[in-house]
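Worksheet: one structure, shown below.
The values are calculated or read from the model by the stated rules, or taken from the named source; none is laboratory data. From a predicted model like this one, the values you see are computed outputs, not experimental measurements. In this analysis, Cβ positions are derived from the backbone assuming ideal geometry, glycine residues included, and neighbour counts consider all displayed protein chains. Keep in mind that these areas ignore ligands, DNA and RNA; they rest on the heavy atoms of the full protein, side chains included. Shrake-Rupley method; radii C 1.70, N 1.55, O 1.52, S 1.80 Å.
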Amino acid sequence: FHYVSLHLIFCYLTVTIEPLPPVVMGDTVTLKCNFRTDGNLREIVWFRVTEGGTSKQKIFTYDAMFNTNFSHMEDFRRREDLVYQSTVRLPEVQMEDDGPYECHVGIYDRASREKVVLASGSITLNVMSPPISISVEAANQPAHFSRYEAQNFTLVCIVTGGKPAPVVYFKRDGELIEVHPFTSTEKVENRGLLSAMDNQPLITRELDDTKVQKSVSFLGPYSEPVRLDKDRPQRSYMSGALGQEEPSPTTEVIPETVISREFPRWVLSSSPLYYFNHTQSELHDGTMEVQAMLTWHLNPQLDNEALFTCEVKHPALSMPMKAEVTLSAPKGPKLSVAPSRAKVGDTVHIKVEGFLMGPKANKVFPEPLFTWTRVGGPLLDGSEERFGKVLVLERVPAELNGSMYRCTVQNPLGSTNTHTRLIVFENPRIKKETINLNCKAQQHPTHEISKGILDKLSR
C-alpha cells in the first residue's frame, strides 16, 4: 500500500488499505480503506485498475459536500485526530475481479477551502479458482499390440480451470508413484500428448530372437496373418458396454480366438521406471490448464487391470480432485448385426457392441483399434480391410451368403479375434421384379437388370 503523510502547518492525511489473503471465486469480499486526518473530508473514490494499470474504473464515490454523515467535522477550527474507514463490498467475486484496487481520499486544506489535499492506498485482490475439470487420456491411441518389443506408454492427465496452477501427481493401485523428471525440448502436439518418438528416456531393447518362432501364433484359423502393422486410422472408435441382446439369426457366432500373449523374459525383469513431465498454459479467462504426463515401458502381463489415478491438490479445494482409469485389454467382443434377418439388397451393419470385462474394469482402456477382414477374400467394396467399430456392407448380394468376417480388436495391452458368418436370405421383392422384367432380358444385360433392381430397392 501507499503511505502518504502531509505534515504541514495546516493538516495531515494518511491512507492505508487492510491487506487481504487470497480469496476463492464466489466468495463475498470487503475491501477496507482506513484514513487518519485532522482535516475536513472532501471525498472518497474507489477504483479498479484494469488493462495492466493503464486504465482505472471508478466503482464507488463518496462526496462529503452532499452527505451529512460527516457533519461533525464542520468545525475545522478544532485540531483533532480522527480515524475513518471506507468499505467496498464485492459480492460473489469472479475471475474478472482479480487485480489491483485503489482508495483515493481528499481533504480540504485548512488554509483555503479552495484547495484539496489528496492521498491514496492500493491493494491487489488475488482471486483463486478451483479446477473445473480433470480427465485422463492415453497418448497416441488407438495403437497396435506388440508382443515382442516393449512399448513406451504415456498417460496424460489434463486439468483445466485452476488458478493458481494445481499440483498434479499419479498413483497406481492407490500407492503414490515414485517418478523421475523428464524434460523434452520437442514441441508438444495434440493438446500436449507426447508421441513415443518424442518421449524416449527409456532403454530400447532389440527383439528377442529366441521368440521369433512363436510368431506363427499370429496366423488366424485360416492361415491368414492377423494384421498388426497397419497405419493407425482416424480416431473414431468407442468401446461400449456388453450388450444384452441374444445372438442374431443373421449370423453364425464363431467362438472368439484370443491371441496368446507370450513375452520375452526381459519384459518381466524389474519394476518400471516412471518418467514425469508437465506443461501449463494460461487460458483466456486467466485460469490455467495443466497437462501432466506419466511415461513408462508397458508390461501387458503386469499392467493389465492396473488402476491408475491422477490426483490434484489446490488451495481452493477442500479435498483432492481425482480421475481414475483401469488399463484393460479387449476381451470377449460381442457382435451385433442389423437388420436381424438380412435379405439380398439390404445394407448390413456388423457392429462391436461391447466386451466381456474383468472384475476391476468397466471399459476397455486405452481405446481399442478395430480391424475388419473377410476370411478367404476381399470385402464387398474390394478392400482388404476396414477400420472402425462398425463394418457396413451395402446392398449385399446373394453371393455373400455364408461368408465369414473377422474382427480383430487390439490395444497395447492385448489383442483378440472374433468371427461371424453372414446368412443372406432371398428377397421376395427382387424375385418378383426379376419375373416381371424377364421379358426385357434379351434387350438388357443381366447385370444391368440386377443393378436397376437393387437401385430401386435402395430408394
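Remark: spin-label model distance Ser133-Leu317 equals 1.6 nm, labels positioned 7 Å along the Cα→Cβ axis. For the cross-link pairs Lys334/Lys363; Lys334/Lys389; Lys32/Lys163; Lys163/Lys363; Lys163/Lys313, the ones whose C-alpha atoms lie over 21 Å apart are Lys32/Lys163; Lys163/Lys363. Rounded to the nearest 10 square angstrom, Arg36 shows an accessible area of 100 square angstrom against a 1.4 Å probe.
Summary of the geometry: segment 273-313 and segment 318-343, compared by the centres of their Cα atoms, lie 22 Å apart. Relative contact order of segment 333-422: 30 percent, from C-alpha pairs under 8 Å at least 6 residues apart in sequence. Of Phe66, Phe60, the residue with the largest accessible area leads and the full order is Phe66, Phe60 (1.4 Å probe). Grouping the Cα pair distances of segment 333-422 into 5 Å bins from zero gives a pair-distance distribution of 3, 13, 25, 24, 16, 9, 6, 3, 1 percent in increasing distance order. Remark: accessible surface ordering of Thr279, Thr54 (largest first) is Thr54, Thr279, probe radius 1.4 Å.
Met404 sits with roughly 10 Å² accessible to a 1.4 Å probe, with DNA, RNA and ligands left out of the calculation.
Per-residue SASA remark: Phe47, around 40 Å² accessible (1.4 Å probe; ligands, DNA and RNA not included). Charge tally for Val396 (other residues, Cβ to Cβ under 11 Å; Lys, Arg +1; Asp, Glu -1): -1. Net charge dipole, segment 333-422: roughly 340 debye, given to the nearest 20, about the Cα centre with Cβ charges of +1 for Lys and Arg and -1 for Asp and Glu.
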